[in-house]
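Enquirer: To start, I am sharing the structure in question, which I have written as structure tokens.
Only the coordinates and a few stated rules stand behind these numbers; no lab work does. These numbers were taken from a predicted model, which means no experiment stands behind them. Quick reminder, even Gly has a Cβ in these numbers, built from the backbone with ideal geometry, and neighbours come from all protein chains shown.
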Amino acid sequence: MQDAYIYFNALLGKGYAAWHRGDASQAEKMGERLIQFGKRHANVRSLVAGHCCMGWKDLVQGDIESAMARFKRAMAISADPWYSQFPKLALCYGSISSGKIEDALPLLDQLIAFDEANGAEFVGHPARFFKGLTTIINGQVSEGLTRMESLLADWQASGCRLRYLTCGYVMAGVYLRLLQAARQTADSGDGLRATTVADPCLGWYRTCVNEARAMGAPTMEGLALVGWGKALMALDRKTQAEERIHAGIDCLERIGAKRHAREARAVLETFM
């Protein structure tokens, strides 16, 4: 192998693309090849990349705990500061997507610091977006939402479609949590707030579904459909909600994301 760097980076790129295409099998194949190559040639970067691909495979399938373990393993073995940022960002994404925001916060500061020192906007910009969640948690809801929406608008304008999609899905989830909380307190006079967050919540899920379909990202399409259904349920629009969730389940089952599909079916059962 004359140029190992080109070889394993090509495999890493294919694994990364497979994650967003919802192709768990391809992500796993790339992961296995990278780990095998890394062990054979004592190439730590290839090992890190391999564990990332295996973690992305787990994300497609909905096995968040296994994915987190993979990303932590990749971080632990990385001797290259740059390569350690990939699993760190993926770990943040997995933590936030599964509702474990507090676990991601220390890592976000590290990603932002690395970006400031090295100009690594690939990890720094998403970290700043996720950091907006801290502001919301601390009670500065309007400021946090404005910061996150501003970054999304920048990415849309600059054509960063994948970042716009994945972070847009997180944005929709933030609005969903605010909507659910507002609906729970509607009897105490907070109904206006529910109305305020309902439109952006539904709008972001709609945007994510459309973007995912256009880009060929079925995992995100299925998850966004399910989230859209949850939002409609919170608004007591049961028929529409069931239609979206069933469509999401069909999408997830087509790519073998059985755990995601099972969790979506459980959502339906809670509303029956």
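Enquirer: What is the dipole size for region 150-272, taken about its Cα centre, with +1 at each Lys and Arg Cβ and -1 at each Asp and Glu Cβ, in debye to the nearest 20? List each step's numbers first, then the result.
Expert: Details: 16 positive and 13 negative charges, 54 e Å.
Result for region 150-272 is approximately 260 debye, rounded to the nearest 20.
Enquirer: So what's the net charge close to residue 200: Lys and Arg +1, Asp and Glu -1, counting the other residues with Cβ under 13 Å from its Cβ?
Expert: Taking every other residue near residue 200 into account, the sum is +1.
Enquirer: Please get the size of the charge dipole for region 69-220, origin at its Cα centre, with Cβ charges of +1 on Lys and Arg and -1 on Asp and Glu, quoted in debye to the nearest 20.
Expert: 480
Enquirer: Rank the residues 88, 57, 14 as a footprinting-exposure proxy: fewest other Cβ atoms within 10 Å of their Cβ go first.
Expert: Working: 88 23, 57 26, 14 17.
Final ranking by Cβ density, sparse to dense: 14, 88, 57.
Enquirer: If you don't mind, another one. For residue 100, go through the aspartates and glutamates and keep the ones whose alpha-carbon is under 12 Å away, minus same-chain ones fewer than eight residues off.
Expert: Residue 100 reaches 65.
Enquirer: Using only C-alpha positions, report the orientation-averaged shadow area of the convex hull of region 150-272, nm², one decimal.
Expert: Taking a quarter of the hull surface, the average projection is 7.6 nm².
Enquirer: Taking a quarter of the surface of the Cα convex hull of region 4-54, what do you get in nm²?
Expert: The directionally averaged projection comes out at 2.7 nm².
Enquirer: Moving on. Where does each of 37, 271, 71 land when they are ranked from fewest to most other beta-carbon atoms within 10 angstrom?
Expert: Ascending Cβ contact count within 10 Å gives the list 271, 37, 71.
Enquirer: As I understand it, the dipole of region 42-181 uses +1 on the Cβ of Lys and Arg and -1 on the Cβ of Asp and Glu, about the Cα centre. Which of 124, 152, 55 lies farthest toward its positive end?
Expert: 55
Enquirer: Arranged by the count of other C-beta atoms within 10 angstrom, fewest first, what order do 146, 239, 219 take?
Expert: Working: 146 13, 239 7, 219 23.
Ordered from fewest to most neighbouring Cβ atoms within 10 Å, 146, 239, 219 come out as 239, 146, 219.
Enquirer: The chain: D in µm²/s via Stokes-Einstein (Kirkwood Rh, Cα pairs, 10 °C, 1.306 mPa s)?
Expert: 82
Enquirer: Report the relative contact order of the chain, percent, no decimals, based on alpha-carbon pairs under 8 angstrom and at least 6 residues apart.
Expert: The normalised contact order for the chain reaches 13 percent.
Enquirer: Per the Cauchy relation, a quarter of the hull surface: what is the mean projected area of the convex hull of the alpha carbons in region 162-234, in nm²?
Expert: 4.1
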